[in-house]
1. Can you find, within region 169-191, the residue that is nearest to the ligand (Cβ to nearest atom) among those that are touching a strand residue (DSSP E or B) at 6+ places or on another chain (Cβ under 9 Å), in contact (Cβ under 8 Å) with a residue 60 or more places away in the chain and part of a loop (DSSP other than H, G, I, E, B)?
2. Return the residues of region 94-114 that are surrounded by 21 or more Cβ atoms within 10 Å (Cβ to Cβ), closer than 21 Å to residue 150 by Cα and in contact with a Lys or Arg (Cβ under 6 Å, 6 or more places away or on another chain); say none if nothing qualifies.
3. Might you let me know whether region 395-412 holds any residue that is of a type in the set (Phe, Trp, Tyr), surrounded by 19 or more Cβ atoms within 10 Å (Cβ to Cβ), out of contact with any Pro (no Cβ under 8 Å at 6 or more places or on another chain) and more than 21 Å from residue 255 (Cβ to Cβ)?
4. Checking the condition more than 14 Å from the ligand (Cβ to nearest atom) and either under 29 Å from residue 327 (Cβ atoms) or not aliphatic (A, V, I, L, M) (or both), which residue from 128, 140 passes?
5. What pairs can you find where one residue is in region 79-94 and within 25 Å of residue 134 (Cβ to Cβ) and among the aromatic types (Phe, Trp, Tyr), the other is part of a loop (DSSP other than H, G, I, E, B) and more than 6 Å from the ligand (Cβ to nearest atom), and their Cβ atoms are less than 8 Å apart, with a gap of 6+ or different chains?
6. Show me the strands (runs of 3 or more DSSP E) found entirely inside region 228-299 where at least 1 residues are of a type in the set (Gly, Ala, Ser), in contact (Cβ under 8 Å) with a residue 12 or more places away in the chain and more than 18 Å from residue 374 (Cα to Cα).
Amino acid sequence: WATSAHNHEDFLECLRVQSEDSASITKLIYTPINSSYLSVLQFSIQNRRFNTTATPKPLVIVTPSNVSDIQAAVSCSRKHGMHIRVRSGGHDYEGLSYVSVLPFVIVDLINLQSVTVDATNNTAWVEAGATIGKLYYSIAQKSRTLGFPAGVCPTVGVGGHISGGGYGLLLRKYGLAADQVIDAQLIDVNGRILDRASMGEDLFWAIRGGGGNTFGIVVSWKINLVPVPATVTVFTVQKTLEQNATQLVNRWQYVADKLHEDLFIRVILESVNSTTQQGKTTIRASFNSLFLGGADRLLSLMEESFPELGLAREDCIEMSWIESILYIAGFSRNTPLEILLNRTQPSVRFFKAKSDYVKEPMPEVALEGIWERLFQLEVGSGQLIFSPYGGRMSEISESSIPFPHRAGNLYKIQHLAYWDEEGIKESKRHISWIRGLYRFLAPYVSKNPRLAYINYRDLDIGMNNLGNTSYKQASIWGIKYFKINFDRLVHVKTKVDPANFFRNEQSIPPLSA
Ligand code: FDA
């Protein structure tokens, strides 16, 4: 796998030769001698941990503007032994789309971001480099009663997001983004462009949740759009420890996965400076919700299923589904919808995240242990997000697509540690905090294996050897993300990319490698 400066000169020459228009491909290539190289590299980086002077940088960034540019990038990389990383939105939690310890090239799909909505047939074609914000915006331009079940943060890229599953507040009603994919265009290791019919059902199954950068480069997805009511209702009810947060979160564990599937209530847990207790630090649980219907029906459902929360009419805000996307993403009311077209987040911080699945409610003592750990960090540095399952998620089979976490899960936890100061000391302190929290939660979450969500990528749970990874080594992390689907993913990989050209620290290995 050795790559030298010599390979990379040959690679660039190959791109020029293979391209139909060598002058135009030159404008899509950035090497460290270009003045815009660093800004192109850094533009999509969403985690400052991988944006330091010590972070390994690519030899070349290629930003294809059409399918044949991607085909040229794949075939020239293969020919000249270049290692490639594929980037769409750059949100990978461990930076795998733009960092490698091997000398490498980034194929960055930022120029491929068109979205074509067919509101008559309730479908859309969306290019991999589009963000989910742009997808939501484009749907809303055509219809108030169509939506799509993908993530919360509008800057997330469709390429990586759907490759790993992709969920948001429509999860309990419609499942994952990947559940709604009905066709795709993929460039395979031989540089061929395939669609669902030509790739076959095995490969089409694998790319819908089996993780990015493994089976080829997704150029675009064809997705089913889903019906949403013209009026939805949102609320955020916040409770501190002094307002019975512990008992309410405990109760939430028993009801959240059993609520009507039109109702999704997640809980965001963090420490805050109390406004009522002279600035004393406390824990705040924010019950943050989307309901697919009006406030009257929501209030009566809440009275029946979760009266303890005390939801009042003044907590409920009725709006359109697209406005709810802005609300849930944290934008203030009346923010123009065009904010969804913005590819950059208002603030990018250092962070490390982990995930867990919960199958039995945790005892209150576990919640108290979480509070204790949140108190160890400064306000704004630690967060847990509990997202309920149930509803449609329990009806889809574990092997319908590679994402296996369906019936039997009450909720998923996302653990997050954030910081803003540079330097190894701060990074070590926060990472060791989140690892400690993860160890503490072990008795209360899924076991044997302890399950995880690939889109919340966590290299702590296991890693490939980039040169030659065995099935055994990869299964350490693979079973946690994919359970029994891991074997089928390995089988598909062995068939379509036996030499393991598309690879990273957590890509599916072929059996021969
Ligand atoms: P990026 O470009 O970094 O790619 C991620 C992985 O996919 C990499 O391995 C990459 O090589 C590969 N890849 C990218 N494009 C590809 C392509 N076209 N073909 C093949 N492989 C490709 N998740 C969620 O489910 N719900 C949520 O609400 C959120 N919210 C959220 C907020 C924020 C701020 C972040 C940073 C992340 C999330 N996520 C999330 C996680 C997100 O779904 C996950 O990081 C996705 O993989 C990101 O996809 P991008 O294209 O942005 O990332």
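The values are calculated or read from the model by the stated rules, or taken from the named source; none is laboratory data. Since the model is a prediction, treat every value here as computed from it, not as a measurement. With ideal geometry, Cβ positions are generated from the backbone for all residues, glycine too; neighbour counts draw on all protein chains shown.
1. Taking the candidates together, the pick is 169.
2. 97
3. Yes, some residue in region 395-412 is of a type in the set (Phe, Trp, Tyr), surrounded by 19 or more Cβ atoms within 10 Å (Cβ to Cβ), out of contact with any Pro (no Cβ under 8 Å at 6 or more places or on another chain) and more than 21 Å from residue 255 (Cβ to Cβ).
4. On the way: 128 fails: more than 14 Å from the ligand (Cβ to nearest atom).
Within the list 128, 140, the selection yields 140.
5. If the second residue must be part of a loop (DSSP other than H, G, I, E, B) and more than 6 Å from the ligand (Cβ to nearest atom), the pairs left are 93/47; 93/456; 93/457; 93/458.
6. Details: elements: 232-240, 263-273, 281-291.
Fully inside region 228-299 and qualifying: 281-291.
A quick yes/no check of all residues on (1) buried (at least 23 other Cβ atoms within 10 Å of the Cβ); (2) at pLDDT 95 or above; (3) not hydrophobic (A, V, I, L, M, F, W, C):
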| position | (1), (2), (3) |
| --- | --- |
| 134 | yes, yes, yes |
| 150 | yes, yes, no |
| 154 | yes, yes, yes |
| 162 | yes, yes, no |
| 169 | yes, yes, no |
| 175 | yes, yes, yes |
| 180 | yes, yes, yes |
| 188 | no, yes, yes |
